[in-house]
Structure formats: C-alpha cells, structure tokens
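Take a look at the structure below.
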Amino acid sequence: MDPEIKREIIMEHYQNPLHRHHVDDKSYDMVNTANSSCIDNLNIYIKYDGDVIKDIAFEGEACAISISSTSIMIENLIGKTREEALNIIDNFENMINEKEYSEDVLGNAVVYSDIYKQNSRKSCAFLPYRGLREALTKKDNGKS
Amino acid sequence: MNREDFPMLEEDIIYLDNGATSLKPKCVIDKTVEYYSKYSANAHRGDYDISYKVDQEYEGTREKVAEFLNADSEEIVFTSGATDSLNMIATGFFAPLIEAGDEILITTSEHASNVLPWFRLQNEKGAIVKYIPLDSNYHVTLDNVKKMVTPNTKIIAIAEITNVIGDVRPIKEICKFAHENNIFVVVDGAQSVPHKKVDVKDLDCDFLAFSAHKMYGPTGLGILYGKKELLENLNPINLGGGMNESFDSPSEILLKDIPTRLEAGTPNIASVIAFGSAIDYLNKIGMDKINERELYLRKYLIDKLIKIPYIDIINLEADSGIVSFNVEGIFSQDVAFYLNKYKVCVRAGNHCAKILKNATKVTNSLRVSLAFYNTESEIDTLVELLSNKDKIVKEML
Ligand SMILES: Cc1ncc(COP(=O)(O)O)c(C=O)c1O
C-alpha cells in the first residue's frame, strides 16, 4: 500500500475514530488496556452474541497510533467469531514483529505493516489487540 | 556552556530530558573506569593497599557530599536513589513513630516517590495524607501550608522543586514554621540539588533525598541526608554485612554507628567513587553559575514558546529549567514522537505526578528540562520544529 494512503487511513481513524464512546450496559464485558511505558490508557467494551462478537466500543486517552489502531481493529472484528478474532490478533502481532502473517484477514490494519521501523510505536499499535486478546481468553466470557 | 566535557553531546541529539536523568561529564566516566581498572576491591575491608584506597575514595565522596550540602559526613547515607531514600525515611523513621490520625502534608504535584511511601503510612498506620493547596500558578505558599496545619500535623513532605511544575518551594520558611509547631520536614531534592545551591543548615530541613544520576553523576546511587539525632533513630530496613559490629544470637546484635549502619551489604562502590568527581565538577563550575545559566535558558525558551498561539504552557512561572506544555489538539506523546524524528529528546506523559491532574486539569504534557550545557541554538531548533502545526500533524505518525 502506498505510504501516503496508509497515512490517510491512520489519520482518518485517529481524527474520527469509530465506536469511541462510553458504554453503560451490563451485557458488555470491559477490559482496560494500558501501556506502562507511556500514557495510552483505553477501556474496551465487548458484547457477544453466542460465539460471535456483536459489538465493540472503546474510550480513553491515547496517542494517534493507539486510537487509530483501536478504531481499525474494531471495524474489522465486529461480526467475527472468537476464534477468528484471536487469529486476527495473532496475525497482527506477527506483522508488527516482522514475522509471517496473512494479509487478507487484517483488513485496514495492514496500514501498520511498517510500524516495526519505529520500535517505540509498536506497543501503541498493538495496545487494543493486547486488551482484546485478554478479554477473549478470559475464562468466564461465555456470556451471550 | 562546558559542552566539551560531555561525551554524549558529541552524539547527534538534542537532549532536553535532564529532569529524567542528566548526561555525565567525562571526569565521572573516567573515575568509574579508574575504579574498575585500578583498585577494584570491596570497601570497608582495608587489609591491603587497593582496598584501603577504595575506603579512602568512598569515604572521600561522603565528605565531599557533606561539604556540598553544608552537612556533617555522618549525616550522609548512600542509598540506591531518591526513591530509596524517601522510602527509608518514611518506613525506617516515621512508621514506628506515627500514630493513627497523625497528618502528613504533601502536594498533588509530588513525584510518585514522594507520594506512595506516605500513602503506605496511611494504609498501614492510619495516618492521614492531606494536600497543601497550590496557588493559581500551582506553587506552594507558606500561607497555604499554614492553613493546612492542624495540631495533628506530624510531617510535611515536599519537593524543593517539582518535576512537572518546576516551582521552587519556600523550604526555609516552611521549616521555620513547621519546627515552631513540632512538625518534621522531609525535602525531596531530586530536582533541586542538581540545579541550585542547597544548604541543609540554612534550610534547616530534617531530611533531604536526592539521586546522583540527575546531577551529572552515575546511576544507582542516591543520598539520604538526615539530621544526626534523627538518623540515629532511623531503623535500618536492610540488615546484613557491613552494618553490624557483632552478633551471637538474635538477642545479641550490636550495630555500627550511623551512617554505616544504614548501608548494609556491599554498596554501589563504583558509583559512590565516581560521584565524588561529579561533586568536584559542579563545585568547579559553581552552583550559582549553573542556576543562573539554566534560568536564562528557560526565559529564552519561554519567550519563544509563548509566541506560538497553539502552545499551552502549563508552568509559565517557575524558577527552574523545567517547562511543561501541550500542543493544542495533539496528544503529547505524538508530539514527542515527532520531535524524536529530529533527534530531539523530550519527555511526554504524566511524569510520575499522577495526581497533579486534579489541580491542573491536564492529564499529560510535554516536558523540557534544561541543563546548563543546553544551548540557545538547541532551543531554536525545538521552537522551529514546534512552529509549524501542520508539519507536526503530518509527521507525527
Ligand atoms: C521530584 C522527584 N522526586 C523523586 C524522583 C525519583 O528519583 P529516582 O528515580 O532517581 O529515585 C524523581 C525522578 O524523576 C523526581 O523528579
């Protein structure tokens, strides 16, 4: 992808992030994800419908990379099964660590494929995925 | 000034994070190497020549630090850092003394290391931590201290200079008032001792804590100053070698005198010895000259920053090299990443002052912390980079 297009997608999701709002609904699971090395700090809310992720929202303060990455991740994960979601998270992690990954499952998240060049930004891009993985692998998340 | 003394300044960077840690002059680096390559032995074990030399150098630094602060050398304890010193003061001296309902005054702009040890006394001893209100510039005034003091106030624990606001607190006046009311004063000197003359007798503070690495010295070393009669009553948290005179059974332990009693185990010998060179270095330049230079640089920076309409300076008034600000509408960390692309090192975040947001309503910021070796032209580069908001947005990713 052309770097200028990547930039535009990131900026668009940073300036107008999708699903950024508070959730006060008990049918959602909540997970906090924060970078200890910086000040990114997000709450992510997830609602399941059986095994399928029905909705995700987030709120909090973070840098442009974290915010945009969260928005792009949410866009991609809504409607996926738990297993599909975990697979996407693994692939994203591989991508930012310069390992083999499959591009087709990542959707717009491939805009971060060069992020490994900026070490300090890797954890920003991965922040929402880390939180979501924790939420998805929590053992009592069998709500519907 | 004195840039040629700092090997790091030959690197292609603009280092503006001196509040986190300072750069080290060559004499400090050389002294570390000298210890490891010429007389690398343990301290307090003077049975042979090089060990005797270690003892002399080690205790020599203690004397230099004492002189630097106008203290006695028995009043100087080597610790692992300001954090260690503050914990020793809170846990070793105050925990046995404090009673439920006793009040501890701090401020919301303190560094975590001067907050959490006091929170512990609240959680474990029932003491009550209260906050001295900050004025409209986020400064501490003697009047506000007086307003908060009650018959239950036992401790005032504040930084002389804080690491985000950079205000200089009126420690001498606070100590005078506190002592008239039987209150102890603990001073966090992490950001002040490296940048201005600190005379503990003149201030009359009871305890002072600071770190060598923020004052052009090595990492892993801090200083705990305490008035002699108080240090005598500071319980050693660590027990072990080097600090005991003799022991036969749990009921027969004889400890050494202060300050050695408070330095259990093999100390950070290399750092202590090298720190002696840092003190010599600072004395050679002169703390007043350093302070004057840093205040000049601050004014130089503020005068330029203030002209940029979308920059919010948090601490417009502060007599230190610390300038905290935000670029309107851009997350501080993104600005720091942008500056990093031009090899400008500034800090973004809450700077370990996590309760300061209650006062400033700002959760995070950029911080420039200057040292005497910074230059006008470095500041010009910073200001130039900040002068084009479109460029920041374009290049921050
Ligand atoms: C005001 C203040 N107090 C205490 C500390 C803690 O110092 P250290 O991490 O060296 O123990 C710092 C360091 O940032 C500081 O700025």
Completion exercise
With the label point 7 Å along the Cα-to-beta-carbon line of B:Lys341 and a cut-off under 20 Å to each amide N, the hits in the stretch A:97-126 are A:110-126
Exercise for the section: Only bridges with both residues in the protein assembly as shown count here: give the DSSP antiparallel percent, nearest 5. Expected result: 70 percent
Problem - Where GluC sites (Glu not before Pro) fall in DSSP loop in the stretch B:39-132, at most 10 other Cβ within 10 Å - result: B:Glu99
Problem - Distance between modelled label sites at B:Asp248 and B:Ile306, nm, 7 Å Cα→Cβ extension - result: 7.2 nm
Practice task
For each pair in A:Lys138/B:Lys354; B:Lys26/B:Lys284; A:Lys99/B:Lys394; B:Lys130/B:Lys154; B:Lys38/B:Lys197, compute the distance between the two Cα atoms and list the pairs where it is over 22 Å.
Solution key: A:Lys138/B:Lys354; A:Lys99/B:Lys394; B:Lys38/B:Lys197
Practice task
Once you have a ≥ b ≥ c as the square roots of the Cα gyration tensor eigenvalues for the stretch A:20-144, tell me rounded if a/c is under 1.5, and otherwise prolate or oblate according to whether a/b is larger than b/c.
Solution key: oblate
Exercise for the section: Please work out how much length the chain gains when fully extended from B:Glu4 to B:Ile50, using 0.36 nm per residue of separation minus the C-alpha to C-alpha distance, in nm with one decimal. Expected result: 13.4 nm
Completion exercise
For the stretch B:286-396 the mean separation of alpha carbon contacts under 8 Å (6+ apart) over residue count, i.e. relative contact order in percent, is 29 percent
Practice task
Let me know the shape class of chain B, please: from the alpha-carbon gyration tensor, a ≥ b ≥ c as square roots of the eigenvalues, rounded when a/c is under 1.5, otherwise prolate if a/b is greater than b/c, or oblate.
Solution key: oblate
Handout entry: 0 to 90° range, to nearest 10: angle between helix A:82-96 axis and chain A longest Cα axis
Key = 20 degrees
Completion exercise
Links exceeding 25 Å between C-alpha atoms in this model, out of A:Lys6/B:Lys341; B:Lys24/B:Lys227; B:Lys31/B:Lys64; B:Lys24/B:Lys307; B:Lys24/B:Lys304, come to B:Lys24/B:Lys227; B:Lys24/B:Lys307; B:Lys24/B:Lys304
Practice task
Using R₀ = 25 Å, calculate the FRET efficiency as 1/(1 + (r/R₀)^6) where r is the Cβ-Cβ separation of A:Glu8 and A:Tyr116; round to 0.05.
Solution key: 0.75
Handout entry: Förster radius 30 Å - calculated FRET efficiency between B:Lys299 and B:Glu180 (Cβ-Cβ, nearest 0.05)
Key = 0.25
Practice task
Note the angle between two axes, namely the Cα long axis of helix B:332-341 and the longest principal axis of the Cα atoms of chain B, as a number of degrees from 0 to 90, rounded to the nearest 10.
Solution key: 80 degrees
Completion exercise
So, relative contact order of chain A in percent, Cα under 8 Å, 6 or more apart, is 28 percent
Exercise for the section: Starting from the Cα of B:Lys394, step 7 Å along the direction of its Cβ; do the same at B:Glu229; then give the gap between the two resulting points in nm. Expected result: 6.8 nm
Exercise for the section: Rounded, prolate or oblate: pick one for the stretch B:286-396, where a ≥ b ≥ c are the square roots of the eigenvalues of its C-alpha gyration tensor, a/c under 1.5 means rounded, and failing that, prolate if a/b is larger than b/c, else oblate. Expected result: oblate
Problem - Label-point separation, B:Glu34 to B:Val362 (7 Å along Cα→Cβ), nm - result: 4.3 nm
Handout entry: Long-range HN-HN contacts of B:Phe184 with modeled amide H, under 5 Å
Key = B:Ile155, B:Ile156
Fill in the blank from the handout: The rounded separation in angstrom of the Cα centers of the stretch B:192-252 and the stretch A:1-55 is 48 Å
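None of the figures in this text is laboratory data; all of them are computed from the coordinates on show. Everything quoted here is computed from the prediction, not taken from an experiment. Quick reminder, even Gly has a Cβ in these numbers, built from the backbone with ideal geometry, and neighbours come from all protein chains shown.
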